[in-house]
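The values are calculated or read from the model by the stated rules, or taken from the named source; none is laboratory data. Owing to the predicted nature of the structure, the values given are computational and were not obtained by experimental measurement. As a convention, Cβ positions derive from the backbone with ideal geometry for all residues, glycine included, and neighbour counts pool all protein chains shown. Remember, those area values only see protein heavy atoms, side chains included, never the ligands or the DNA or RNA. Shrake-Rupley method; radii C 1.70, N 1.55, O 1.52, S 1.80 Å.
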Amino acid sequence: MSIAVAATQTLEHLDRGPLSKDELAALVARDIPQGSYVNLGIGQPTTVADHLSADSGVVLHTENGMLGMGRAAQGDEIDPDLINAGKVPVTEPPGAAYFHHADSFAMMRGGHLDVCVLGAFQVSATGDLANWHTGAPDAIPAVGGAMDLAIGAKDVFVMMTLFAKDGTAKLVSECTYPLTGVGCVSRVYTDRALFLVGADGATVVETFGMSVEELDERLDIDLRTL
Amino acid sequence: MSRAQIVTSPAEAVAGIEDGSTVLVGGFGMAGMPVTLIDALIEQGASDLTIVSNNAGNGDTGLAALLAAGRVRKVICSFPRQHDSYVFDDLYRSGKLELEVVPQGNLAERMRAAGAGIGAFYCPTGVGTPLAEGKERRTIDGRDYVLEYPIQGDYALIGAQTADPMGNLLYRKTARNFGPVMATAARTTIVEVRETVGLGEIDPEAVVTPGIYVDRILDLSALASQEVAS
């Protein structure tokens, strides 16, 4: 079911530094096929919408109950009854549809969405996702729609920095944080590289300011190339 | 219960809610939140409640006020922790509140199951995660599922846009969220609406919640005009 990659061999972009947040969002947007039904997770994934062209035909789903969601509302457009999953007021373009929560998650769980873009604490080379809980004993657990999204869409794209602030890699052989879903992620978009992940392990598609060799040194996983 | 009844006061709307009840509370953020009914429930005084809602209260009003008043024993929700959920956070951390965290779609589907007479269902959400621990697991056609049980409410408090005398409901935009599901999943469903219209004024093709699921309707616009008159 996964979307095929266009590249036939791994590309190393060594004449530049890592991707900025904006460039990362643009990279994800580049790879979303025309006319897809897409859910963009709360936070950074939301910014992917800014890079989808008007003629992309992409239809945005928000799990609180809307398809064809518009951009963030401003000024007089703000309507407390019209919000996205991040509780941000949005607009209602022509062709939008509303539905209740059970329908909204049924269309997700039922495999009707093409792509979901999520943030993550960790992703494993086999596509396990950890993005809801750090496992800290005093943390109040809160999951929202993360687990439903993880197993629902045909393709789950993660966007994150490749390394945590302390320098540890977030693409790992096995997640140490509590899981959100097992084997559910198909691609990992990071500031340093784009990876395909899944049952066969991790494959580097494209790198940014780092060579495959350097990645191989810093990541504790077996890396393949195209 | 039989036909929907239009009540004239918030107190009448929530009358009879017993201590120990399970109360489904609609809304996602403030959209669709039945604020008037929650305030009336605080006034009414029922305690030892189990509250089922997406969040666990924001700021000091609504569900947060109900929690602060010490009326809630347990919260079943998907996302209790928010930037302004300090009332919940304090009660939870001091062990005064039981919490069951449920993935948002499972929360909706478990209530849908209750309303539809489904005994339990196998669901792929959460497989292999801490939230599936201790639950029956089964592989069907190569995919793994966990067994999830219905969440039945004694009462549902929901917000809607429009009701007619049959109890048929329309919602507005994303304020619909949990309303139609919760309406089916409670023995007594209580709705606050922004307006009521006459018989025949809702297009039968457009009805979202058919009146069979609705027991009591509180018309907020009538309430506002009562207040103006007095």
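Ranking B:Leu170, A:Val38, A:Met160 by how far each Cα lies toward the positive end of the dipole of the protein assembly as shown (charges on Cβ) leaves B:Leu170 at the top.
Among the residues of B:73-80, the average count of other protein chain beta-carbon atoms within 10 Å of the residue beta-carbon is 3.
Sorting B:216-227, A:110-121, B:102-113 by average packing, meaning the other beta carbons within 10 Å per residue, from highest down gives B:102-113, A:110-121, B:216-227.
Database remark: amide H of A:Gly181 closer than 5 angstrom to the amide H of A:Leu129 (H placed geometrically; neighbours at sequence offset of 5 or more, or on other chains; Pro and chain starts carry no H). Going by accessible surface with a 1.4 Å probe and the largest first, A:Asp76, B:Asp60 read A:Asp76, B:Asp60. Just to be sure I understand: of the beta bridges DSSP finds with both ends in the protein assembly as shown, what percent are antiparallel, rounded to 5? Counting DSSP beta bridges with both partners in the protein assembly as shown, the antiparallel share is about 35 percent. Solvent-accessible area lost on pairing A with B (1.4 Å probe, both sides summed) amounts to about 3200 Å². The length gained on full extension between A:Asp220 and A:Ala136, counted as 0.36 nm times the residue separation minus their Cα-Cα distance, comes to 27.9 nm. Surface listing: A:His101, B:His83 arranged by accessible area from highest to lowest gives B:His83, A:His101, probe 1.4 Å. Charges were assigned to the Cβ only: +1 to each Lys and Arg, -1 to each Asp and Glu. The resulting dipole of region A:137-220 about its Cα centre is roughly 280 debye. Just to be sure I understand the curve: with the Debye formula and one point per C-alpha of region B:1-151, what is log10 I(q)/I(0) at q = 0.16, 0.17, 0.20 Å⁻¹? After summing over all Cα pairs, the log10 values are -0.94, -1.03, -1.27.
Please list log₁₀ I(q)/I(0) at q = 0.12, 0.14, 0.20, 0.23 Å⁻¹ for region B:1-80, using the Debye equation with identical point scatterers on the alpha-carbon positions. Scattering profile of region B:1-80, log10 relative to I(0): -0.32, -0.43, -0.88, -1.14.
Taking each DSSP H run with n ≥ 4 as -39500 (n - 2.57) and averaging over every residue of chain B yields -7000 deg cm²/dmol at 222 nm. Amide H contacts under 5 Å for A:Gly145: B:Gln104, restricted to partners 5 or more places along the chain or on a different chain, H placed in the peptide plane at 1.01 Å from N. Rounded to the nearest whole Hz, the Karplus-based 3J(HN,Hα) values (6.51 cos²θ - 1.76 cosθ + 1.60, θ = phi - 60°) of region A:71-85 follow the sequence 6, 4, 7, 10, x, 5, 6, 5, 10, x, 7, 10, 10, 9, 5, with x at glycine and proline.
Distance from the alpha carbon centroid of region A:69-97 to that of region B:161-194 works out to 21 angstrom. Each Lys and Arg contributes +1 and each Asp and Glu -1, all at the Cβ; summed about the Cα centre of region B:111-230, the dipole is approximately 400 debye.
Counting Cα-Cα pairs of region B:75-230 in 10 Å increments starting at 0 gives whole-percent bin shares of 10, 29, 30, 22, 8, 1, 0.
Across the options B:Ala11, A:Leu226, A:Val123, the greatest Cα extent toward the positive end of the charge dipole of the protein assembly as shown (unit charges at beta carbon of Lys, Arg, Asp, Glu) belongs to B:Ala11. Distant-in-sequence amide contacts of B:Val72, defined by a placed amide H-H separation under 5 Å and a gap of 5 or more residues or a different chain, comprise B:Asp48, B:Leu49.
Peptide B:117-129 has a mean shielding of 5, counted as Cβ atoms of other protein chains within 10 Å of each residue's Cβ.
Rg and Dmax of region B:183-230, based on Cα coordinates, read 12.8, 38 Å. Per-residue surface analysis assigns A:Lys154 an accessible area of about 80 Å², computed on protein heavy atoms at 1.4 Å probe radius. In order along region A:138-152, phi translates into HN-Hα couplings of 9, 6, 7, x, 8, 10, x, x, 4, 6, 5, 5, 4, 9, x Hz, rounded to whole numbers, per the Karplus curve 6.51 cos²θ - 1.76 cosθ + 1.60 with θ = phi - 60° and x for Gly and Pro. Heavy-atom accessible area, probed at 1.4 angstrom with all protein chains present, ranks A:Thr62, B:Thr139 as B:Thr139, A:Thr62, highest first. Kirkwood analysis of the protein assembly as shown, using all unique Cα-Cα pairs, places the hydrodynamic radius at 23.2 Å. Take each residue of peptide B:178-185, count the partner chain Cβ atoms within 10 Å of its Cβ, and average: the result is 3. Would you mind telling me the antiparallel percentage of the DSSP bridges in chain A, rounded to 5? Within chain A, antiparallel bridges account for around 45 percent of the total. Counted over region B:99-230, the DSSP beta bridges are approximately 45% antiparallel. The separation of region A:140-200 from region B:1-63, counted between C-alpha centres, amounts to 38 Å.
Out of every Cα-Cα pair that region A:86-226 contains, those further apart than 25 angstrom amount to 33 percent. Considering only alpha-carbon pairs that sit under 8 angstrom and 6 or more positions apart, the relative contact order computed for region B:108-173 is 31 percent. A simple rule links phi to the HN-Hα coupling: the Karplus curve 6.51 cos²θ - 1.76 cosθ + 1.60 with θ = phi - 60°, which for region B:180-190 gives x, 6, 5, 4, 7, 9, 10, 5, 10, 10, 10 Hz, with x for Gly and Pro. Which one of B:Thr189, B:Gln82, B:Val23 is farthest out on the positive end of the charge dipole of chain B, using unit charges on Cβ (Lys, Arg +1; Asp, Glu -1) and the Cα centre as origin? Sorting the options by dipole projection puts first B:Gln82. Packing, taken as the mean count of other beta carbons within 10 Å per residue, orders the peptides B:127-133, B:9-15, A:188-194 from highest to lowest as A:188-194, B:127-133, B:9-15. For the protein assembly as shown, a simple Cβ point-charge model (Lys and Arg +1, Asp and Glu -1, everything else neutral) yields a dipole of about 620 debye relative to the Cα centre.
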